Amino acid sequence: MEFRIAVEELKKALHRSLGIVERKTTMPILANVLLNASKTGVTVTAFDLDIGIVSEHAAEVLKPGAVTVSAKYLFDIVQNLPEPAVTLKKLANNYVDISSGPVHFKIVGMAPEEYPKLPKEESAPLVHVNGATLLEMIKKTAFAISSDETRYILNGVFFEPRADGKVRMVATDGHRLALIEREMEGEFKLKSGVIIPRKGLFELKRLLDEAPEAECQLGFAENSALFKKPGLTMVMRLIDGQFPEYQRVIPKEGEKQVGVPKVRFLEALKRIALLSADKSNAIRVGLSDNQLRITSHNPDLGEAKDDVDVTFRGEAFAIGFNAKYIIDVLSVLEQDEVIFELGDEHSPGVLHAPGDRSFTAVVMPMRV
């Protein structure tokens, strides 16, 4: 195997691979990428047995062939090369010679035959999707995914096709929930929803971030998801299990409807949370006529308060929340004003845009 490729092109492929390859693994080959040179160009494959990416790149192929090499070390070498092009040549015993101008590296590789095969993808019916819409849905739910590995069902986002050409994505960690519904025409042919794992979702987000307007396709087979865009294919195993009945967690319209200026509310929460108790980020939200007061108290540091002008008429009321949970929601909302719905001090808070519940976030209260 021998090929010459633009440094930037190879760097892009390797950067895509870094989030997937397993560095701490009992299978050393999973820390590698598979380089495959053919007449049509070079493909770079990364696979951790759950998520795989195959990206295609133009290259001058002098001799077809394949080899696997460390993704991290090859990336570190490539991003420090002096010339705009690099030549990779497979030597005896799977060593790889890397040359660019006066610079030469010789690194250890492994036999391509040992690299695990990606799951077959033929059975997944692909649907054309809007990349920007899919990216928005990921950004507005990913923050609520649970990181508790013992609750593996919650370690991903629930993807649920709905009636009338819409798709819903839901994430919850038991303390908060994020739900978004958007139009996504096409027949996914799913009997019910599927759970896309957290790691796969974040890698999908990275790929969409590269070019949100690129033509994209998404499909699901029995236990895997398939994503394609020009020059790139991604496949990932889905989480096997039943997602909780999330609809039960979403309260009906709250008694107290508070119109809050988003930026002012966000800044106040960040300030007051500085003196909240460690880890819990506990703050207290007090409501009175057209005013929302945020307070925090930490016996080791002191206390803080900030008053925000809001749209509200009703009896005075106070409730505790984890400030970070509300900050995460406000950080993904584009609108200047947010509706904060509240019931009593034991009921969840609900945040959404005025007159639009297609994105809804639910935050459980806490004792402060």
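Derivation of every value follows stated rules applied to the coordinates shown; laboratory data play no part. The structure presented is a predicted model; accordingly, all values stated were derived computationally and were not measured. Note that each Cβ is placed from the backbone with ideal geometry, even for glycine, and that neighbours are counted across all protein chains shown.
Residue pairs exceeding 22 angstrom between C-alpha atoms, taken from Lys39/Lys90; Lys11/Lys89; Lys89/Lys228; Lys12/Lys72; Lys11/Lys72: Lys89/Lys228. Along region 141-150 the Karplus relation, 6.51 cos²θ - 1.76 cosθ + 1.60 evaluated at θ = phi - 60°, assigns HN-Hα couplings of 10, 4, 5, 9, 5, 6, 9, 7, 5, 6 Hz to successive residues, with x for each Gly and Pro. Between Met27 and Ala316, the FRET efficiency estimated from the beta carbon spacing at R0 = 45 angstrom works out to 0.15. When the GluC sites (Glu not before Pro) in region 113-215 are filtered for DSSP coil states and for at most 14 other beta-carbon atoms within 10 Å of their beta-carbon, the remaining sites are Glu122, Glu149, Glu185, Glu187, Glu213.
What is the packing order of peptides 270-279, 243-252, taking the mean over residues of other C-beta atoms within 10 Å and listing the highest first? List each step's numbers first, then the result.
On the way: 270-279: 15.6, 243-252: 12.9.
Sorting 270-279, 243-252 by mean packing, highest first, produces 270-279, 243-252.
If the elastic network links every pair of Cα atoms under 10 Å, which of Thr25, Thr295, Thr141 fluctuates the most in the Gaussian network model of the chain? Taking springs between Cα atoms under 10 Å, the residue moving most is Thr25.
When you count the other C-beta atoms within 10 angstrom of each residue and take the mean per peptide, 300-313, 328-341 line up highest first as 328-341, 300-313. The HN-Hα couplings worked out from phi for region 251-264 by the Karplus form 6.51 cos²θ - 1.76 cosθ + 1.60 (θ = phi - 60°) are x, 5, 3, x, 5, 9, 9, 10, x, 10, x, 4, 4, 5 Hz, whole numbers, x standing for Gly and Pro. Rounded to the nearest 500, the 222 nm mean residue ellipticity of the chain from helices alone is -5000 deg cm²/dmol, with -39,500 (n - 2.57) taken per DSSP H run of at least 4 residues. Between Asn80 and Glu337, the modelled label-to-label distance comes to 5.6 nm, taking each label 7 Å out from Cα in the direction of the beta carbon. Comparing mean-square fluctuations of Lys189, Lys205, Lys229 from a GNM of the chain with C-alpha springs under 10 Å, the top value falls on Lys189. Using 0.36 nm per residue and subtracting the Cα-Cα separation, the extra length available between Lys270 and Asn223 on full extension is 12.8 nm.
Across Met184, Met27, Met234, mean-square fluctuation computed from a Gaussian network of the chain (C-alpha pairs under 10 Å connected) peaks at Met27.
Only Cα pairs under 8 Å and 6+ residues apart enter the sum, and on that basis the relative contact order of the chain stands at 13 percent.
Between rounded, prolate and oblate, where does the chain land on the alpha carbon gyration tensor, with a ≥ b ≥ c its root eigenvalues, rounded for a/c under 1.5, else prolate if a/b exceeds b/c?
Details: a/c = 2.69, a/b = 2.01, b/c = 1.34.
In terms of gyration-tensor shape, prolate.
Using only the Cα atoms of region 281-342, build the gyration tensor, take square roots of its eigenvalues as a ≥ b ≥ c, and label the shape rounded, prolate or oblate: rounded if a/c is under 1.5, else prolate if a/b is larger than b/c, else oblate. It is oblate, given that a/c is not under 1.5 and a/b is not larger than b/c.
Starting from the Cα-Cα distance between His104 and Thr40, subtract it from 0.36 nm times their residue separation and give me the gain in nm to one decimal. Walk me through the numbers before you get to the answer.
Values: separation 64, 0.36 × 64 = 23.04 nm, distance 2.61 nm.
Value of the extension gain: 20.4 nm.
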